[in-house]
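Notes to accompany the following structure.
The values are calculated or read from the model by the stated rules, or taken from the named source; none is laboratory data. What you see is a predicted model, and the numbers here were worked out from it, not measured in a lab. Cβ sites come from the backbone with ideal geometry, for glycine too, and all protein chains shown count toward neighbours.
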Amino acid sequence: MRSLDSTITKLKAEGFKLTPQRISVIKYMEGNPDHPSAGDIYKALKKKYPGLAFSTVYNTLRMLQKIGEIQAVNIAEDHMNYDPDTSSHFHLLCEECGKIVDIPSSGDLAECFRSSEISGHEVKSYQINMRGTCSSCLCGSSDPQRRL
């Protein structure tokens, strides 16, 4: 996600109404490295905005995705996670603590996807998700609370 001001400008250009609740979702996502789900965001913001509807969170995330400010990360089996880092990178789901970790997309594997055409197909985006154990868990310093 770029800056709050540029995101708001893009949303206004799309005709998206900016309520305090929707702005709180945008602020929550800005620079958030935790790859939250809509449910995570809803729980976190519901305390401050008791009248917040889950649909407000979900629709705001969909609009942010539509304008290219966040990306959906389809790595968990039962819900979607969201990432404000729209640069090309991979994700690792730690099977020990449930954390989603960004993995830089450098090297031979990423090179395969740099072309917009692969085997005669037009590629607009790609997502590679891995499962394993994060470095924190391997070092024994994982958070005992599972995220998934």
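Numbers for the structure displayed
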read-out	value
Members of segment 47-87 found to be polar (S, T, N, Q), surrounded by fewer than 15 Cβ atoms within 10 Å (Cβ to Cβ) and more than 25 Å from ALA13 (Cα to Cα), listed by number	ASN74
Residue that is assigned to a loop (DSSP other than H, G, I, E, B) and either at positive phi or at pLDDT 95 or above (or both), where the choices are GLY51, GLY15	GLY15
Restricting segment 17-46 to residues that are under 22 Å from MET80 (Cα atoms) and over 18 Å from the mean Cα position of the chain (by Cα), the residue that is surrounded by the most Cβ atoms within 10 Å (Cβ to Cβ)	GLN21
Unique match (being in a helix (DSSP H, G or I) and either closer than 23 Å to MET130 by Cα or not hydroxyl-bearing (Ser, Thr, Tyr) (or both)) among ALA76, ALA44, ALA72	ALA44
Condition met for ARG114 (charged (D, E, K, R) and at pLDDT below 85)	yes
